[in-house]
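**Student:** Questions regarding the structure given below will be posed in turn.
The values are calculated or read from the model by the stated rules, or taken from the named source; none is laboratory data. If you're wondering where the values come from, they're calculated on a predicted model, not measured in any experiment. Note that we place each Cβ from the backbone using ideal geometry, even for glycine, and neighbour counts take in every protein chain shown.
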Amino acid sequence: MTASQQRIAPGRMMPPLQESSWVRWSLTAFSCSFLILFLFVPLVVVFTEALRKGFGAYWAGITDPTAWSAIKLTVLVVGISVPLNLVFGLAASWAIAKFEFWGKSLLITLIDLPFAVSPVVSGLIFVLLFGIHGWFGKWLDAWGLQVIFAVPGVVLATVFVTFPFVAREVIPLMQEQGTEQEQAALTLGANGWQTFWYVTLPNVRWAVLYGVILCNARAMGEFGAVSVVSGHIRGKTNTIPLHVEILYNEYNFVAAFAVASLLALLALVTLVAKTLVERRIHYSTSLEPTTVES
Amino acid sequence: MSIEVRNISKSFGNFTALRDVSLQVHDGELLALLGPSGSGKTTLLRIISGLEVPNPNPSSDILFHGQSVVDRPVRHREVGFVFQHYALFRHMSVADNIGFGLRMRPRATRPSKSEIRDRVGKLLKLIQLEGFGDRFPSQLSGGQRQRVALARALAVEPKVLLLDEPFGALDAKVRQGLRTWLRRLHDEIHLTSVLVTHDQEEALEVADRVVVMNQSRIEQIGTPDEVFHHPKTPFVMEFLGQVNVFHGRVTKGKIELDDPFTTEQHEPHNNSNPQAIYARPHELDIQRELTNGEGIAAKVRRLHLAGPIARVILEAENGGHVQVHLSLERFYELALQPGVAAYVVPKSGRVFEGASKTILG
């Protein structure tokens, strides 16, 4: 065989790690149609149904007093649970990634618990703990405190369900970064707090933000656990997802989809924010030197 | 400031990193801790810095200038620590990295912003990186980063400078340059410094004194000259340079060879106290004809001529390899070629019995 015979025409040359175009096209088409069917179409349905009777009806659905109170409650719940989980997540990550202590693997497992337990079950746990017939029910009642079927219960359930988000994002990054920079800070005279604030936290800030975004989205959208503890009291203990359910069950489709569209909008905002932050995380973790030796 | 380490031991679980180590570092000295990985040198350095805590033991102590610092946490020990992988704060500019230690001081002792800027400027000049203050660590080369790390450690005016394999992550050429630069810097500022390295060349070239460590213990302390030419143990001899080991008997200061040279240590023979005799490549000669005395018949295998000396590798009849360093004149005089038969003749060698050693001439 001569050399010229071995040569393949440029147009037909295929890199060794590439599939044939037939395979590539069918895979792409399959994933696209799957995405359209399961993600894009539902999103479109939400908005078309919400605007079916015009913008006026849409606006009325959102500005209805009970809807408005559901929105306010959701904002309140998110306003409490996200900062709490931010603090908890940072503390847990700092402890797990930078220190050795007894029971560390147990703590890591516990952080994952809300992911493993069905939200309905976690709601029930709180009913069993703080409900009027629960373990602490009598004691709470004696103090005049109501947790279940009240706002504190909704907050508790949301905190429980969303607490892995920040920790789960931050722990792997902190572990990957090791403790050398912290040690350097200590030898330079920084105390523990300064080391955390000026060295550890800036190094994980994008992962923290990413965790907060996910935590926020889940806190707003949480249904199962909140549904069990809230008691569905209109205008009092209904969050946005619960309010959507009630409207839907009452065949009030326009209002249901109008309120649901708020959650859908939130999802879109979350996706955009998440993509932007992910890009920053990628940028800040690709720390390997672009080495130019001098 | 002088450093004294007394009877320090350290174990991590079942692993003993240091066994009863004592050491003195004189004021203004540059001391190298030299040893293979796992010998405990980094642990010792970290214990001096306070990043690691020694095993509790009433007789153990660490003294800076005669004062015990065992109970002092890292941040109050006033040590500058330079890490192998720089440990620069990558979200801070070079200038912010260098000024970090000053900015972290309590308000009462913290210099003003302009003072910090001045100090950073001076340090940038010292490390020859003027104009690099606004860059980020990721925009610097390895050698530049390590200099920034050094400046950052010096900025807080430490009493002691501790360097943990500072050039370990750099390539050979940069290492060589930085090594020379570090020594010049030390001669300028005379800060008591301890350098950890596994590179014997680096230790011998840079340090005032070298501490050779092996298996959690100190094998020998001495000037580079002493440890290289008068090793106290076979380990020091082997670690500090190439060595040929062969077996023979020593009678009245004369070597009687039993066994051809090998570069590896053999199990001792049982009969009539033969001993391992150690000779560095430059302590051997090659002769084409055996004129007098003893020699090993061998064949020339390989020649390395790229350098100030000729390095000749020969294979003895039993298959053992011998390395001989000759001056280039001597080499050309012998006209050696691969495959040529020759004799290896020891000019001098060493025998270690316990800790004492005999030099044979």
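**Student:** Could you tell me which residue of segment B:123-146 is modelled with the highest pLDDT, considering only residues that are in a helix (DSSP H, G or I) and closer than 17 Å to B:His190 by Cα?
**Tutor:** Let us first name the residues in segment B:123-146 that are in a helix (DSSP H, G or I), namely B:123-126, B:137-139, B:142-146.
Imposing the further condition that a residue be closer than 17 Å to B:His190 by Cα reduces the set to B:123, B:126.
Numbers: B:Leu123: 94, B:Leu126: 90.
By that ranking, first place goes to B:Leu123.
**Student:** When segment B:156-168 is examined, which residues are found to be more than 8 Å from chain A (Cβ to nearest Cβ) and more than 18 Å from B:Leu45 (Cα to Cα)?
**Tutor:** Residue satisfying the conditions is B:Glu157 alone.
**Student:** B:Gly13 is checked against (1) small (Gly, Ala, Ser); (2) closer than 19 Å to A:Thr187 by Cα; (3) within 14 Å of chain A (Cβ to nearest Cβ) and fails just one. What number does that condition carry?
**Tutor:** Of the numbered conditions (1) small (Gly, Ala, Ser); (2) closer than 19 Å to A:Thr187 by Cα; (3) within 14 Å of chain A (Cβ to nearest Cβ), the odd one out for B:Gly13 is (2).
**Student:** Right, next: Go through segment B:129-155 and report how many residues are more than 9 Å from chain A (Cβ to nearest Cβ), in contact (Cβ under 8 Å) with a residue 24 or more places away in the chain and not acidic (Asp, Glu).
**Tutor:** Restricting attention to segment B:129-155, the residues satisfying the condition of being more than 9 Å from chain A (Cβ to nearest Cβ) are B:129-136, B:146-148, B:150-151, B:154.
Those left that are additionally in contact (Cβ under 8 Å) with a residue 24 or more places away in the chain: B:129, B:132-136, B:146-148, B:150-151, B:154.
Next cut, not acidic (Asp, Glu) only: B:129, B:132-133, B:135-136, B:146-148, B:150-151, B:154.
The number of residues fulfilling the criteria is 11.
**Student:** A further question follows. How many of the residues making up segment A:257-294 are exposed (fewer than 14 other Cβ atoms within 10 Å of the Cβ), modelled with pLDDT of 85 or more and of a type in the set (Ser, Thr, Tyr)?
**Tutor:** Of the residues in segment A:257-294, 1 are exposed (fewer than 14 other Cβ atoms within 10 Å of the Cβ), modelled with pLDDT of 85 or more and of a type in the set (Ser, Thr, Tyr).
**Student:** While we're here: Checking A:Ala225 against (1) within 14 Å of chain B (Cβ to nearest Cβ); (2) buried (at least 24 other Cβ atoms within 10 Å of the Cβ); (3) aliphatic (A, V, I, L, M), which test does it fail?
**Tutor:** Checking A:Ala225 against (1) within 14 Å of chain B (Cβ to nearest Cβ); (2) buried (at least 24 other Cβ atoms within 10 Å of the Cβ); (3) aliphatic (A, V, I, L, M), the one that fails is (1).
**Student:** Scan segment B:184-199 residue by residue and report those that are in a helix (DSSP H, G or I), surrounded by 15 or more Cβ atoms within 10 Å (Cβ to Cβ) and of a type outside the set (A, V, I, L, M).
**Tutor:** B:His186
**Student:** On to the next question. So for segment B:49-59 (the condition being more than 9 Å from chain A (Cβ to nearest Cβ) and either in contact with an Asp or Glu (Cβ under 8 Å, 6 or more places away or on another chain) or crowded, with 17+ Cβ neighbours inside 10 Å (or both)), does at least one residue qualify?
**Tutor:** Yes, segment B:49-59 contains at least one residue that is more than 9 Å from chain A (Cβ to nearest Cβ) and either in contact with an Asp or Glu (Cβ under 8 Å, 6 or more places away or on another chain) or crowded, with 17+ Cβ neighbours inside 10 Å (or both).
**Student:** Criterion first (over 13 Å from B:Val243 (Cα atoms), crowded, with 19+ Cβ neighbours inside 10 Å and of a type outside the set (Gly, Ala, Ser)) does B:Leu305 satisfy it? Walk me through how you get there before you give the answer.
**Tutor:** Working: over 13 Å from B:Val243 (Cα atoms): yes; crowded, with 19+ Cβ neighbours inside 10 Å: no; of a type outside the set (Gly, Ala, Ser): yes.
For B:Leu305, the condition - over 13 Å from B:Val243 (Cα atoms), crowded, with 19+ Cβ neighbours inside 10 Å and of a type outside the set (Gly, Ala, Ser) - is not met.
**Student:** Okay, moving on. Go over the candidates B:Gly222, B:Gly248 one by one and state the one that is modelled with pLDDT under 90 and small (Gly, Ala, Ser).
**Tutor:** Numbers: B:Gly222 fails: modelled with pLDDT under 90.
Exactly one of B:Gly222, B:Gly248 is modelled with pLDDT under 90 and small (Gly, Ala, Ser), namely B:Gly248.
**Student:** Of all residues in segment B:300-355, how many are modelled with pLDDT of 85 or more, in contact with a helix residue (DSSP H, G or I) (Cβ under 6 Å, 6 or more places away or on another chain) and more than 12 Å from B:Leu284 (Cα to Cα)?
**Tutor:** Going through segment B:300-355 one residue at a time, the tally reaches 1.
**Student:** Also, quick follow-up: Collect the residues in segment B:200-226 that are part of a strand (DSSP E or B), within 14 Å of B:Arg19 (Cα to Cα) and in contact with a Ser or Thr (Cβ under 6 Å, 6 or more places away or on another chain), keeping them in residue-number order.
**Tutor:** Once the filter is applied, which keeps residues that are part of a strand (DSSP E or B), within 14 Å of B:Arg19 (Cα to Cα) and in contact with a Ser or Thr (Cβ under 6 Å, 6 or more places away or on another chain), segment B:200-226 yields B:Met213, B:Asn214, B:Glu219.
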